[in-house]
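What follows is a single structure, written as structure tokens, with notes after it.
Nothing in this text is a laboratory measurement; each read-out follows from the coordinates by a stated rule. Everything quoted here is computed from the prediction, not taken from an experiment. Here the Cβ is made from the backbone with ideal geometry for all residues, glycine too, and neighbour counts use every protein chain on show.
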Amino acid sequence: MASGKKDKAKGVANQTVGKLRETAGKATGSGKTEAKGKAQQAKGGMQKGMGETKGSHKKQR
């Protein structure tokens, strides 16, 4: 399993790339690219949240 910091970093990266994809999709009129960007942002948000949860769980021990 990845550490909390790694999950959080991967999540932020996925959110950023997803936002770029969404913007590119809007600019080019590609609904498919826009949707993929939104999905990647959602995935990144979940990863980031898992990383934050892992980090807070370790601090409580």
(request) Between beta-carbons, use under 15 Å as the cut-off and find the net charge around A27, counting Lys and Arg +1, Asp and Glu -1. (result) +4
(message) Counting only helical runs of four or more DSSP H residues, what would the 222 nm mean residue ellipticity of the chain come to if each run contributes -39,500 (n - 2.57) and the total is spread over all its residues?
(response) -32500 deg cm²/dmol
(message) For K26, give me every one of the aspartates and glutamates with a C-alpha distance below 13 angstrom, ignoring sequence neighbours fewer than eight places off in its own chain.
(response) E34
(message) Under the √(5λ) rule applied to the eigenvalues of the Cα gyration tensor, what semi-axes describe the equivalent ellipsoid of the chain? Give them in Å, descending.
(response) 30, 8, 7
